[in-house]
1. Hey, among G69, G75, G23, G34, which residue is surrounded by 16 or more Cβ atoms within 10 Å (Cβ to Cβ) and at pLDDT 95 or above?
2. Collect the residues in the stretch 50-74 that are not hydrophobic (A, V, I, L, M, F, W, C) and not in a helix (DSSP H, G or I), keeping them in residue-number order.
3. Just give me the residues in the stretch 50-60 being over 16 Å from the mean Cα position of the chain (by Cα) and either among the hydroxyl-bearing types (S, T, Y) or surrounded by 14 or more Cβ atoms within 10 Å (Cβ to Cβ) (or both), in sequence order.
4. Output the qualifying pairs, or none if there are none: Cβ atoms under 7 angstrom, residues six or more apart or on different chains, first residue in the stretch 53-68 and of a type in the set (A, V, I, L, M), second residue exposed (fewer than 14 other Cβ atoms within 10 Å of the Cβ).
5. Taking into account only those residues within the stretch 13-44 that are aliphatic (A, V, I, L, M), part of a loop (DSSP other than H, G, I, E, B) and over 20 Å from I83 (Cβ atoms), which is nearest to the chain's Cα centre (by Cα)?
6. Please list, ordered by first then second residue, the pairs with beta carbon atoms under 6 Å, 6 or more apart or interchain, first in the stretch 19-31 and closer than 13 Å to M1 by Cα, second surrounded by 10 or more Cβ atoms within 10 Å (Cβ to Cβ) and of a type in the set (D, E, K, R).
7. Please verify whether S47 is of a type in the set (G, A, S) and either part of a helix (DSSP H, G or I) or within 15 Å of the chain's Cα centre (by Cα) (or both), treating the condition exactly as stated.
Amino acid sequence: MPSLLTTDETVRRTREFVEDTLGKQPTASQDRAGFVVNALLVPFILSAIRMLKSSFATATDIDRGMVLGAAHPQGPLALVDLIGLDTTKAAAESFDAAGGSQPSPPRIAPLQLPRPGSNEDRTEEGQSSADASGLVFRRHRHATEPEGKSVAA
């Protein structure tokens, strides 16, 4: 992550060292708290912790869901056990100290489908609805699903 004063030669030599000597693949981003990985990872882990704390799901189910459902090598709670709560807390606080460089998650309205059997918002592809921001959510009807039945997506 070059600063405003880093020369192109320093960036080139550093990239060469990382790739050739360390055998790693560097990523480039702007110089801000978290860079790429932690800017994505820390909020993800904090969401998993909030989910566990609110009793939405067990630690086992949260981790299993991400391993099986998102092809992650381990769940976020198992990962935070390796990273350490102190390190995760420090990273989260660094985002706040950097002036809130972590963007707030977008508000997404829950998917609301038309009443079963109605013709409201019916399209050839299936059912759709829009939230207050105008974002349109669609649920496609499966070929095996009977006409007019409302099944959660």
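1. G75 is the lone residue from the list that is surrounded by 16 or more Cβ atoms within 10 Å (Cβ to Cβ) and at pLDDT 95 or above.
2. Initial filter on the stretch 50-74 (not hydrophobic (A, V, I, L, M, F, W, C)): 50, 53-55, 58, 60-61, 63-65, 69, 72-74.
Of everything in the stretch 50-74, those that are not hydrophobic (A, V, I, L, M, F, W, C) and not in a helix (DSSP H, G or I) turn out to be S54, S55, T58, H72, P73, Q74.
3. Residues of the stretch 50-60 that are over 16 Å from the mean Cα position of the chain (by Cα), as a first pass: 52-60.
Within the stretch 50-60, L52, S54, S55, A57, T58, A59, T60 qualify.
4. Partner pairs satisfying both residue conditions: V67/Q74.
5. Pass one, the stretch 13-44, residues aliphatic (A, V, I, L, M): 18, 22, 28, 33, 36-37, 39-42.
This time we only want the ones that are part of a loop (DSSP other than H, G, I, E, B), so: 22, 28, 33, 36.
After this cut, where a residue has to be over 20 Å from I83 (Cβ atoms) as well, the list is 22, 28.
Details: L22: 29, A28: 19 Å.
The selected residue is A28.
6. Between residues of the stretch 19-31 that are closer than 13 Å to M1 by Cα and residues that are surrounded by 10 or more Cβ atoms within 10 Å (Cβ to Cβ) and of a type in the set (D, E, K, R), the close pairs are P26/R15.
7. Yes: the conditions hold for S47.
The values are calculated or read from the model by the stated rules, or taken from the named source; none is laboratory data. These figures come from a predicted structure and were not determined experimentally. Every residue, glycine among them, receives a Cβ derived from its backbone with ideal geometry; neighbour counts consider all protein chains shown.
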